[in-house]
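Notes to accompany the following structure.
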Amino acid sequence: RTFTYSDNVMRKIALLMFFLLITFAVTAQENKVTGRVMDQFGLPIQDVIVSMFSADSINLGVILTAEDGAFELLGAIIPCTLHFDHISCESQRKECTTFDVGDIILKASVNELEKARVTAYKPIVKIEDAALRYDLQQLAANTTATNVYEAISKLPGVDEEGGSFQLAGAGEVTIIINGKPSRMSAEQLETLLSSMPIDRIQNADVMYSAPPQYNVRGAVINLVLSRSMDNTYSGEIRGDFSHRRNPSWGTGASFAVTNPKWSADAVYRYIDETSTQISDITSIHTVDGTTNTINQYEDITGRSRGHIIRAAFDYTPKENQLLSVAYNGQIVPNSWVRSASEGSFVESLSDKDLNINTHIISLRYKAPTGLDLGADYTSYTTNTIGRLENEYSNGNISSFDVKSGQDISRINVYADMKHSFNGKWALTYGMKGLWAQDKDYQLYNSIIGDVNTFDTDSKVTEWNAELYAGAEINLSRGSLSASISGEYNNWNGEERFTVYPQANFFWMFNQNHIIQANFSSDKTYPPYWMLQNSISHVDGYTEVHGNA
């Protein structure tokens, strides 16, 4: 049989189906699961992943909890299963039989790791810039050193003897700061380094043969000061007392302030030192075939009271740029030396009063291009007034007064340039010049008897100019450097030309085995006083002669 539906019936069926779909959609939208996720302290947890699954494990939806921990999943079919996941909480599963699940409490997850040890190794020494670069802080960490002066003696091969440092295989070593000589006396340098804490030193570079850009020949220890990137303040008050045969004491203070762009430091020390020296001389003289033996015993006591002063300011406007000025002074207005000598030849009494003044001003500018310019001026003066009384074994008596002094002015200038290539090669060249003038006088006034000496009043002028060029290369485990310097010296019109070759080679097999080869050359000029035609009397028997 065939059934035929009218258009009216078809329209009724379509309308019914439409209403059924609308009813299903509205019902599905109203079937939503809601709730809130909290922690164990009652605080909401945001960004918890909430997943909804049907009874046959079909994923019905996923949502993240809001800032207040609330969530709302549409299209829910009850019963269903909810999964809660968060990176800092323990996962949780909940079976839902109602559309409102209320508050869900998640516990914080605790992930306990096994013990872990991080080990780092910082080498104590490495080869860099033709030097053995030591980490002075690390080297002195397990020693009794409390300041830089004491820490230097802890460097391998370095010993302190009588206020100066000796380097094994090289003899006396010069201490420089930030790559340039300090121009300070040994006593001033000891005072400065003794008042400086070890953490002020970034590293200590030991060079058995210093390249010419350091303006020092021979063995050198270069102390590179560290720069703080914070505002720091430090100060120290110091006092010391020693007693050997006579008491000596000193006191002083130091202060330093730094910030990322500049630093300033000042050091003051007052000294009151008493020294004693004993001389026992036996001399055998043969005159006209007759042998004469002379025994002399001398006891010398001296006392020195004075002031040591240092002030320095460094300004670093940008990286690798430096402007610095420094003053170093030693003022000793009240010193004396007394000596008594007795023996088979003469009995003598000597009395000397003297004062000493040293002033050094240094300027330096270092540019980012590698140019390093500097100058320093030194003024040294000393004046002595003394009397010597002699009573000889043959009955003769002599007595005289002596007045002497020395005035030295010296100016040093230098210009150094360094070009680096690929961090391995470097070319260095530069010049330095010196002008110095020395004035010496010694005047005698005879009181009793004849004096076998004469007055002197002289002036010495010295000019010195030097040009140099060198090259450096950093190897995989070492370095190689070489240079040559040409020097012109004019001493009171007497000209000298000298060439100084220099070379360094370092190779490090490991931290405990380093091979090095050094070549250096130097010329030593005698002190100015030795170039004067003068005589200084220690007592009635011993004299010191200049060798001009």
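The values are calculated or read from the model by the stated rules, or taken from the named source; none is laboratory data. Computed from a predicted structure; not experimentally measured. Please note: Cβ atoms are built from the backbone with ideal geometry, for glycine as well, and neighbour counts cover all protein chains shown. Only protein heavy atoms, including side chains, enter the accessible area calculation; ligands, DNA and RNA are left aside. Shrake-Rupley method; radii C 1.70, N 1.55, O 1.52, S 1.80 Å.
Laid out as a table, the results:
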quantity: Positions within the range 180-229 being among the charged types (D, E, K, R) and under 22 Å from GLY370 (Cα atoms), in sequence order; calculated: LYS180, ASP205, ARG217, ARG227
quantity: Qualifying residue in the range 512-519 (condition: surrounded by 17 or more Cβ atoms within 10 Å (Cβ to Cβ) and in contact with a Lys or Arg (Cβ under 9 Å, 6 or more places away or on another chain)); calculated: no
quantity: Exclusive hit being in contact with a His (Cβ under 7 Å, 6 or more places away or on another chain), at pLDDT 85 or above and open to solvent by 40 Å² or more (accessible area, probe 1.4 Å), set LEU427, LEU443; calculated: LEU427
quantity: Those residues of the range 300-324 which are within 20 Å of THR378 (Cβ to Cβ), crowded, with 17+ Cβ neighbours inside 10 Å and not polar (S, T, N, Q), in sequence order; calculated: GLY306, ILE308, ILE309, ARG310, ALA312
quantity: Answer residue from the range 332-372, given it is aliphatic (A, V, I, L, M) and open to solvent by 70 Å² or more (accessible area, probe 1.4 Å) and is nearest to THR282 (Cα to Cα) among those; calculated: LEU349
quantity: Positions within the range 448-465 being out of contact with any His (no Cβ under 8 Å at 6 or more places or on another chain) and open to solvent by less than 80 Å² (accessible area, probe 1.4 Å), in sequence order; calculated: GLY449, VAL451, THR456, SER458, VAL460, THR461, GLU462, ASN464, ALA465
quantity: Selection count, the range 373-405, where residues are within 37 Å of the chain's Cα centre (by Cα) and open to solvent by 30 Å² or more (accessible area, probe 1.4 Å); calculated: 6
quantity: Positions within the range 147-174 being among the small types (Gly, Ala, Ser), on the phi < 0 side of the Ramachandran plot and outside any strand (DSSP E or B), in sequence order; calculated: ALA151, SER153, ALA168, ALA170
quantity: Scope the range 186-229; condition out of contact with any strand residue (DSSP E or B) (no Cβ under 8 Å at 6 or more places or on another chain) and assigned to a loop (DSSP other than H, G, I, E, B); matching residues; calculated: MET229
quantity: Selected residue (only one of ILE221, ILE201 is farther than 23 Å from GLU472 by Cα, within 14 Å of the chain's Cα centre (by Cα) and open to solvent by less than 20 Å² (accessible area, probe 1.4 Å)); calculated: ILE201
quantity: Test: residue in the range 62-76 that is in contact (Cβ under 8 Å) with a residue 12 or more places away in the chain, of a type in the set (D, E, K, R) and either in a loop (DSSP other than H, G, I, E, B) or open to solvent by 90 Å² or more (accessible area, probe 1.4 Å) (or both); calculated: yes
quantity: Per-region count, the range 429-458, residues touching a residue at least 40 places away in the same chain (Cβ under 8 Å) and part of a strand (DSSP E or B); calculated: 14
quantity: When residues of the range 144-168 are limited to those that are open to solvent by 20 Å² or more (accessible area, probe 1.4 Å) and of a type in the set (Val, Ile, Thr), the one nearest to the chain's Cα centre (by Cα); calculated: THR146
quantity: GLY218 modelled with pLDDT under 90, within 20 Å of ASN178 (Cβ to Cβ) and out of contact with any Pro (no Cβ under 7 Å at 6 or more places or on another chain); calculated: yes
quantity: Residue under evaluation MET530, criteria (1) open to solvent by less than 80 Å² (accessible area, probe 1.4 Å); (2) at pLDDT 80 or above; (3) more than 17 Å from GLU472 (Cα to Cα); (4) not in a loop (DSSP other than H, G, I, E, B), criterion not met; calculated: (2)
quantity: Unique match (being within 30 Å of ASN259 (Cα to Cα) and open to solvent by 50 Å² or more (accessible area, probe 1.4 Å)) among TYR327, TYR297; calculated: TYR327
quantity: Answer residue from the range 169-184, given it is of a type in the set (D, E, K, R) and open to solvent by 30 Å² or more (accessible area, probe 1.4 Å) and is farthest from TYR365 (Cα to Cα) among those; calculated: GLU172
quantity: Top-ranked residue of the range 185-196 - restricted to ones that are modelled with pLDDT under 80, open to solvent by 30 Å² or more (accessible area, probe 1.4 Å) and not hydroxyl-bearing (Ser, Thr, Tyr), ranked as nearest to LEU467 (Cα to Cα); calculated: ALA186
quantity: Filter pass, ALA140 being under 28 Å from PRO212 (Cα atoms) and either of a type in the set (Ser, Thr, Tyr) or buried (at least 20 other Cβ atoms within 10 Å of the Cβ) (or both); calculated: no
quantity: Filter result for the condition that a residue is under 30 Å from SER324 (Cβ atoms) and in contact (Cβ under 8 Å) with a residue 60 or more places away in the chain, over GLY235, GLY252; calculated: GLY252
quantity: Near pairs, Cβ below 6 angstrom, 6+ apart or cross-chain, from the range 477-501 (more than 30 Å from GLN516 (Cα to Cα) and surrounded by 12 or more Cβ atoms within 10 Å (Cβ to Cβ)) to any residue that is modelled with pLDDT under 95 and among the acidic types (Asp, Glu); calculated: TRP491/GLU462
